[in-house]
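Participant: Take this structure first; my questions come after.
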Amino acid sequence: MTTTPLNVTLEEPAPTPLALLLLGRQADPASERGVDCPGDLPAASDPDLVERARAAKAALGDRVFILGHHYQRDEVIEFADVTGDSFKLARDAANKPEAEYIVFCGVHFMAESADILTSAHQQVILPDLAAGCSMADMATAEQVAECWDALSDAGIADTVVPVAYMNSSADIKAFTGKHGGTICTSSNAKRALEWAFEQGQKVLFLPDQHLGRNTAVREMGLSLDDCVLYNPHKPNGGLTVEQLRDAKMILWRGHCSVHGRFSLDSVQEVRERVPGVTVLVHPECKHEVVEAADLVGSTEYIIKALDAAEPGSKWAIGTELNLVRRLAKAHPDKEVVFLDRTVCFCSTMNRIDLPHLVWTLESLVEGRVPNVITVDPQTEKYAKAALDQMLALP
């Protein structure tokens, strides 16, 4: 069956068969491989579940601390004690030592980071263990070890400093710490790369190729020719020894399944559809998209830009749809639209819904601790070293 993209406004998408088809089965051939819109439309909150969540949270009191990532649906954010990006939430958890239970409404790598940074007596809980991250899954410990072997065989490993994006598994963070590297967020990627180039001649940036490329080229003056793309599914990453030796940025072939949807056509189309619009995108978007945008920045940057924007201004936002809808509701004096024409949520983030949250909280009330996320001591040691290095960045 052939379908056409759904034209999206920031109103609640109608749960029509077409919308469900687009969300459950639609794939855009122009987007990156593996990028689609899986999952159903988030259902409206069940009033009974809302009351059960309130009762369970009240019964637990200060024993529980609920973290809500910006990409979560509203019915979950309603019960979050704090909201933010992954690293901010992990730090917030570490600053709440009196809480026995940290309920992380996000995805698996975020809960791992929280476990690394919190105290031993605290337990970090992920309401649905299936809430992973496709980007984080694009780099495994075995693949990265093979990459390092390729760099060693090329005679350049001792000149390479690994920089891992926060959106990576604990294993990848540990690899980075073990090899003298650092972690970065989308907010401090430039600072992390500057530090890395002071330590060595080259950077292995993983797992998001786009954040690495956009930061190196747009913010640090490197050229696209200075960057090579390492494909873990090809021998030697699909690169020659000469290419590895000549490169300054060795980018891992990974990407975000949501931000990878946005295209140059998306930018051009929204400019025609909304005259005078300001296009603001996340740096996980493809290079041609950020080049065509008016502004580029992290999730926190996007939120602050909308807060500071003039009434009556028009904005097209290239990031996860739950956040864009929330920004539109928070700024009724501004026109805020989603950059893509097709409804697309982060499917793994949306696995954390109100039923899972209620089940988690009620389990804790009953004395059962479900879905505890634990990082083994050796992995935690090196991953924390990489995270501490990021915190020590000038």
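Participant: Among the residues of the stretch 354-394, what is the count of those that are in a loop (DSSP other than H, G, I, E, B) and open to solvent by less than 30 Å² (accessible area, probe 1.4 Å)?
Facilitator: Residues flagged as in a loop (DSSP other than H, G, I, E, B) and open to solvent by less than 30 Å² (accessible area, probe 1.4 Å) within the stretch 354-394 amount to 4.
Here's the yes/no breakdown for (1) surrounded by 16 or more Cβ atoms within 10 Å (Cβ to Cβ); (2) in a loop (DSSP other than H, G, I, E, B):
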{"position": "GLY276", "(1), (2)": "no, yes"}
{"position": "LEU280", "(1), (2)": "yes, no"}
{"position": "CYS285", "(1), (2)": "yes, yes"}
{"position": "GLU288", "(1), (2)": "no, no"}
{"position": "ASP307", "(1), (2)": "no, no"}
{"position": "GLY312", "(1), (2)": "no, yes"}
{"position": "ARG325", "(1), (2)": "yes, no"}
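Participant: Quick check on my filter: what residues within the stretch 343-394 are farther than 23 Å from ALA141 by Cα, among the basic types (Lys, Arg) and modelled with pLDDT of 95 or more?
Facilitator: ARG368
Participant: Same structure, new question: Does the stretch 96-105 hold any residues that are in a loop (DSSP other than H, G, I, E, B), within 15 Å of VAL372 (Cβ to Cβ) and not aliphatic (A, V, I, L, M), and which are they?
Facilitator: Listed by number, the list holds a single entry, GLU100.
Conditions (1) surrounded by fewer than 24 Cβ atoms within 10 Å (Cβ to Cβ); (2) β-branched (Val, Ile, Thr); (3) touching a residue at least 40 places away in the same chain (Cβ under 8 Å); (4) more than 23 Å from ASP85 (Cα to Cα), marked per residue:
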position: MET110; (1), (2), (3), (4): no, no, yes, no
position: ALA145; (1), (2), (3), (4): yes, no, no, yes
position: ASP153; (1), (2), (3), (4): yes, no, yes, yes
position: ALA164; (1), (2), (3), (4): no, no, yes, no
position: HIS179; (1), (2), (3), (4): yes, no, no, yes
position: LEU211; (1), (2), (3), (4): no, no, yes, no
position: ALA216; (1), (2), (3), (4): no, no, no, no
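Participant: I would also like to ask the following. Can you confirm whether THR299 is under 19 Å from GLY260 (Cα atoms), open to solvent by 20 Å² or more (accessible area, probe 1.4 Å), in contact with a Gly (Cβ under 9 Å, 6 or more places away or on another chain) and modelled with pLDDT under 95?
Facilitator: Criteria not met by THR299.
Participant: Scan the stretch 168-175 and tell me whether some residue there is of a type in the set (Lys, Arg) and without any contact (Cβ under 8 Å) to a residue 24 or more places away in the chain.
Facilitator: no
Participant: When both residues are 6+ apart or on different chains and their Cβ atoms are under 6 Å apart, which pairs have a first residue that lies in the stretch 378-391 and is among the polar types (S, T, N, Q), and a second that is surrounded by 18 or more Cβ atoms within 10 Å (Cβ to Cβ) and in a helix (DSSP H, G or I)?
Facilitator: If the second residue must be surrounded by 18 or more Cβ atoms within 10 Å (Cβ to Cβ) and in a helix (DSSP H, G or I), the pairs left are THR379/ALA170; THR379/ALA174.
Participant: Within the stretch 83-95, identify whether any single residue is in contact with a strand residue (DSSP E or B) (Cβ under 6 Å, 6 or more places away or on another chain), of a type outside the set (Val, Ile, Thr) and in a strand (DSSP E or B), and answer yes or no.
Facilitator: no
Participant: Residues being within 19 Å of ILE302 (Cβ to Cβ) and open to solvent by 40 Å² or more (accessible area, probe 1.4 Å): count how many of those fall in the stretch 335-353.
Facilitator: 1
Participant: Can you tell me which residue is nearest to ASP149 (Cα to Cα) among those in the stretch 240-254 that are open to solvent by 20 Å² or more (accessible area, probe 1.4 Å) and touching a residue at least 24 places away in the same chain (Cβ under 8 Å)?
Facilitator: This residue is VAL241.
The values are calculated or read from the model by the stated rules, or taken from the named source; none is laboratory data. Since this is a predicted model, take the numbers as computed values, not measurements. Ideal geometry is used to build each Cβ from the backbone, glycine not excepted, and the neighbour counts take in all protein chains shown. Keep in mind that these areas ignore ligands, DNA and RNA; they rest on the heavy atoms of the full protein, side chains included. Shrake-Rupley method; radii C 1.70, N 1.55, O 1.52, S 1.80 Å.
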